[in-house]
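First the structure, in the form of structure tokens, and then the observations on it.
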Amino acid sequence: MQTGIGFIGLGIMGRPMAQRLLAAGFPLRVWARRAETLAPLEAAGARVCDSPRELAREAGVVFLAVSGGADVEELVLGEDGLIAGLRPGSVVVDHSTIEPATARHVAARLAEVGAEFLDAPVSGGEQGAIAGTLSIMVGGAAEALARVRHLLEVLGRHIVHVGPSGAGQLAKACNQLVVAQTMQAVGEAITLCEASGVDAGRMREALLGGFAYSRILEVHGQRMLAGNFRPGFKAHLHQKDLSIALSAAAEAGVALPGTALVAQLMNALVGSGGAERDSAALVTVQRRLNGLSEDLT
């Protein structure tokens, strides 16, 4: 089987992940729609391929980190996609966040050519990707995961086999609804403090030492207080992820009222021009609803 490693999707998350694999000494092949995203990897020693098909011919393991399910289907199953170049025994590891049903469909198609597909979405943001401390939730065959675990350990500290194909994506949907609702709660706490004449920064400091502590309160709470919404995770992507969670809930016949509420607020953020801001900018919607200026600073 081929010994090369392939990577497609060199954005905020994918670029540092690919750079970590390259720095760890793995021979890396890369492909991207936008040539400018390839330059840093090529300069560091990665080989640039002309198409996903060519990349698959040279790589026994291919990583994806793209925006959505349609992108994954095109890159894997399209006319010049990975499926045209993959050999039996190859493994495609998809770090994108997509619909569980799409993950199951792609896995079934790759099984027809003897290749494995692992849906392996991540949590930890850009800093986790840079530091190699991501949480990786995996759906697919345990044997395929065992074959690529040494590679995943370059990217993350917490790697969990959740279940069969699609299970990793369902776990990621759960992650995203918990993150969004916690951001909603942190934003409400900050808004309540300001409206009541209480120092929101001191409130956050107090809560960090108690049962209300969370990474969201620590990291995104500070973002909200500073008005720093440079994207670590863009609002329009979080909007897409909440849509996936609600779609999965509809399929399972489960009511998720908290998720539905925060999804509407995320829609408002995106619809009012905040699509490219960090999703922590959710607090600006709450502030506008309460007649407060958008900027706390």
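Observations on the structure shown:
- Footprinting exposure proxy ranking of Val270, Val62, fewest other C-beta atoms within 10 angstrom first, gives Val270, Val62.
- Dipole magnitude of region 4-164 about its Cα centre (Cβ charges: Lys, Arg +1; Asp, Glu -1), debye to nearest 20: 420
- With at most 12 other Cβ atoms within 10 Å, longest stretch of the chain clear of loop GluC sites (Glu not before Pro) (DSSP): 113-297
- With respect to the chain, whose longest principal axis is taken over its alpha-carbon atoms, helix 14-23 is tilted by about 50°.
- Positive-pole candidate from Ile136, Gly271, Gln181, dipole of the chain, charges at beta carbon: Ile136
- Highest-fluctuation residue, Gly156, Gly114, Gly85 considered, GNM on the chain with Cα pairs under 10 Å: Gly114
- Sparsely packed chymotrypsin sites (Phe, Trp or Tyr not before Pro) within region 213-297, loop by DSSP, other Cβ within 10 Å at most 16: Tyr213
- (1) 55, 45, 32; (2) 65, 46, 34; (3) 71, 39, 33, with the label sought being that of the calculated Cα extents along the principal axes in Å: (2)
- Packing rank of 21-33, 5-17, where each peptide gets the mean count of other beta carbons within 10 Å, highest leading: 5-17, 21-33
- For Val48, the shell of other residues with beta-carbons less than 13 Å away shows a net charge of -1, using +1 for Lys and Arg and -1 for Asp and Glu.
- Estimated 222 nm signal from helices in the chain, with DSSP H stretches of n ≥ 4 weighted -39500 (n - 2.57), rounded to 500: -15000 deg cm²/dmol
- Judged by the ratio a/c of the largest to the smallest principal axis of the C-alpha gyration tensor, region 10-121 counts as prolate, that ratio being 1.5 or greater while a/b is larger than b/c.
- Simple Cβ-charge dipole of the chain, Lys/Arg +1 and Asp/Glu -1, about Cα centre, in debye nearest 20: 400
- Proxy reagent accessibility, fewest Cβ within 10 Å first, across Ser272, Ser196, Ser214: Ser196, Ser272, Ser214
- Taken about its Cα centre, region 82-176 carries a charge dipole of about 100 debye when Lys and Arg each add +1 at the Cβ and Asp and Glu each add -1 at the Cβ.
- Semi-axes of the equivalent ellipsoid for region 170-289, computed as √(5λ) from the eigenvalues of its C-alpha gyration tensor and ordered from largest down, come to 24, 16, 13 Å.
Readers should treat all values here as calculations from the given coordinates under stated rules, not as data from a laboratory. Computed from a predicted model, the values in this text were never measured in an experiment. Glycine also receives a Cβ, built like all others from the backbone with ideal geometry; neighbour counts cover every protein chain displayed.
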